[in-house]
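Written out below as structure tokens is the structure these notes cover.
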Amino acid sequence: MCRLLTIKSETPFAIAPHLSKFSAMAKNSKEYQGHGWGCAYLNDSADWQFYKNINPVWQENFNQFGQTRLLVVHARSAFEDKDITIENNMPFFDGRTVFIFNGELRGVKIREEGRIGAEKIFNYIRRFDKGDTRRALEKAVGIIRKRTRYIRGMNIILVNHKGIFVSSYFTEDEDYFTMRYREGRELVICSAPYPAERNWQKIVNDSVRVW
């Protein structure tokens, strides 16, 4: 399934080094992560900028990216190798919140608009968001879990002006689906530790974290 990355810092950081590490992780993943990729980042005016490419992230030239204080990245592994178009690449954005997703759900019984399952989940969360993003996320995830026949994994990251909201849930393959993070000069949240780097902490399964 897909790979996720979110970074936040009080001071600007270079985007390219993080994308290089993320792309190496995606390329060497045990599951194929090459169905396109995308990123969202804040510019100097605190406006979101977006970039998406249908090619694998490890084929990208990262020198085009400068600095930011907030970065959200997604490398796609399309469900059953279907609907591989750039319009289906994440991050998704509704004008307020950036959304990325990693998981596999089967037999989901919710009615929602969306081209693919991830977009339907995003729109379903939005339905409950009246200003309290955490509450909306918890409520939507709770209902989805009750109305889904089987969930292999369901990791969600929402980012807006109120914070970074991470929901993690999985029923198998703990090492693959466990989200990691590290804190310090930069907060880095990722699907897996960067290659050859230590001091990462695990986000507990069946939990919601907010930064």
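Worth a mention:
- Carbon + sulfur, % of accessible area of the stretch 1-111 - ligands and nucleic acids excluded, 1.4 Å: 45
- Tensor-based shape of the stretch 8-77 (alpha-carbon gyration tensor, a/c under 1.5 rounded, otherwise prolate or oblate): prolate
- Dipole of the chain, positive end: most advanced residue of Met25, Val208, Val57 [Cβ charges, Cα centre]: Val208
- Relative intensity, log₁₀ I(q)/I(0), of the chain from a Debye sum that treats every alpha carbon as a point, q = 0.10, 0.16, 0.18 Å⁻¹: -0.38, -1.07, -1.42
- FRET E, pair Ile143, Glu87, Förster distance 25 Å, beta-carbon r, rounded to 0.05: 0.40
- Ellipticity at 222 nm from helices only: DSSP H runs of n ≥ 4 in the chain, each -39500 (n - 2.57), divided by the residue count, give -6000 deg cm²/dmol.
- Given Lys27/Lys202; Lys30/Lys162; Lys27/Lys109; Lys27/Lys139, the pairs whose alpha carbons are separated by over 30 Å: Lys30/Lys162; Lys27/Lys109; Lys27/Lys139
- Gap separating the Cα centres of the stretch 144-186 and the stretch 1-74, nearest whole Å: 18
- Accessible area per residue in Å² at 1.4 Å probe, computed on the chain: 48
The values are calculated or read from the model by the stated rules, or taken from the named source; none is laboratory data. Quick caveat: nothing in here was measured; it's all calculated off a predicted structure. In this analysis, Cβ positions are derived from the backbone assuming ideal geometry, glycine residues included, and neighbour counts consider all displayed protein chains. The protein model used for the area step is the full one, side chains on, heavy atoms only, and it has no ligands, DNA or RNA in it. Shrake-Rupley method; radii C 1.70, N 1.55, O 1.52, S 1.80 Å.
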